[in-house]
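**Student:** One structure, pasted below without further comment.
Readers should treat all values here as calculations from the given coordinates under stated rules, not as data from a laboratory. What you see is a predicted model; the values in this text were computed from it and never measured. Reconstructed Cβ throughout: ideal geometry from the backbone, glycine too, with neighbour counts over all protein chains shown.
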Amino acid sequence: MSASPAHARSLYRSLLRELPPRPILAAPRTPLHRRLRESFISASSPSSTSTSSAMDAAAAVAADQLITYLRSQRMYVTLLDRYNPGMNMDEEERVRLTARRVGMEMPKNYRTGSNDA
């Protein structure tokens, strides 16, 4: 992927860090993990042509951009969850929490077949 094996290793680890975690010993590698590993192994094999090194540099830049994109997407989801906490709630829970925010408590609803009122 790049001229420096250390830089290629750093890119590979950064990509793995941004991907969803997988159980360590429970399951084999996913196809995405296998494909990433194969591409980094094939890129780290010695090559003698100058076009190959130019392609490696371009692949390293593309991998760096992919890492930036994945990191941004992860941060976007984190911020969305943090600043829109009611997004995954049902309407009743959202109304109850809104009432508590302004200092009120919602009355308990009577449900038929329920002992607590």
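**Student:** Report the far tail of the P(r) of segment 5-101, meaning the percent of Cα-Cα pairs longer than 19 Å.
**Tutor:** In whole percent, the share of Cα-Cα pairs in segment 5-101 beyond 19 Å is 59.
**Student:** If I take R0 = 25 Å and measure r between the Cβ atoms of Glu18 and Asp90 in this structure, what FRET efficiency does the formula 1/(1 + (r/R0)^6) give, to the nearest 0.05?
**Tutor:** Using R0 = 25 Å, I get an efficiency of 0.20.
**Student:** Full-extension gain between Leu79 and Glu38, please, as 0.36 nm times their residue separation minus the C-alpha to C-alpha distance. Write out the running numbers ahead of the final one.
**Tutor:** Working: separation 41, 0.36 × 41 = 14.76 nm, distance 3.35 nm.
Roughly 11.4 nm would be gained on extension.
**Student:** Using 0.36 nm per residue, how much length does the chain from Thr68 to Asn109 gain when fully extended, once their Cα-Cα distance is taken away?
**Tutor:** 9.8 nm
**Student:** Determine the relative contact order of segment 5-101: mean sequence separation of Cα pairs under 8 Å and six or more apart, normalised by residue count, in whole percent.
**Tutor:** On the way: 25 pairs, mean separation 38.4, N = 97.
RCO, segment 5-101: 40 percent.
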